[in-house]
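Accompanying notes for the structure given below.
No lab work stands behind these numbers, since they all come straight from the coordinates. What you see is a predicted model; the values in this text were computed from it and never measured. So basically every Cβ, Gly included, is an ideal-geometry build from the backbone, and we count neighbours across all protein chains shown.
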Amino acid sequence: MGYIIGAIACLLYAAFVYYVAIKRPPAIIRLVKKKLNKNMSDNAAAIVCYVFASIALAGGIVLFVLAAIK
């Protein structure tokens with residue numbers, strides 16, 4: 001049961017971060033830039049969001065597979 005909850009959390013996080021990368025809301029992009037590097041451009045912040053969302057999506061898929069074989 002824990003794997004499924006973790007997988008759902010990873011998928012929801014990935015969906016939110018993909019939304020941020022695609023729509024680029026100024027407040028959230030500014031927060032990403034503030035947390036990582038203040039001199040970062042908006043395009044670089046979107047690429048970082050894509051990378052983190054892809055990692056979370058892969059983690060969610062792995063957790064679903066682990067839940068299925070257990």
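Using only Cα coordinates, the Kirkwood hydrodynamic radius of the chain works out to 12.7 Å.
Across the range 53-63, coupling constants 3J(HN,Hα) worked out from phi with the 6.51/-1.76/1.60 Karplus curve, θ = phi - 60°, read 5, 5, 5, 5, 5, 5, x, x, 5, 4, 5 Hz, and Gly and Pro carry x. Between the residues Leu57, Ala21, Ser41, the greatest Cα displacement towards the positive end of the dipole of the chain, with unit charges on the Cβ of Lys, Arg, Asp and Glu, is found for Ser41.
Charge dipole of the chain (Cα centre as origin; +1 on each Lys and Arg Cβ, -1 on each Asp and Glu Cβ, all else neutral): 300 debye, rounded to the nearest 20. Other residues with beta-carbon under 11 Å from the beta-carbon of Ala46 carry, at +1 per Lys or Arg and -1 per Asp or Glu, a net charge of +2. Each stretch of four or more DSSP H residues adds -39500 (n - 2.57); spread over every residue of the chain, this sum gives -30000 deg cm²/dmol at 222 nm.
What residues from the range 30-56 fall in the zone where the backbone N is under 11 Å from a label point 7 Å along the Cα-to-C-beta line of Tyr19? Flagged as within label range: none.
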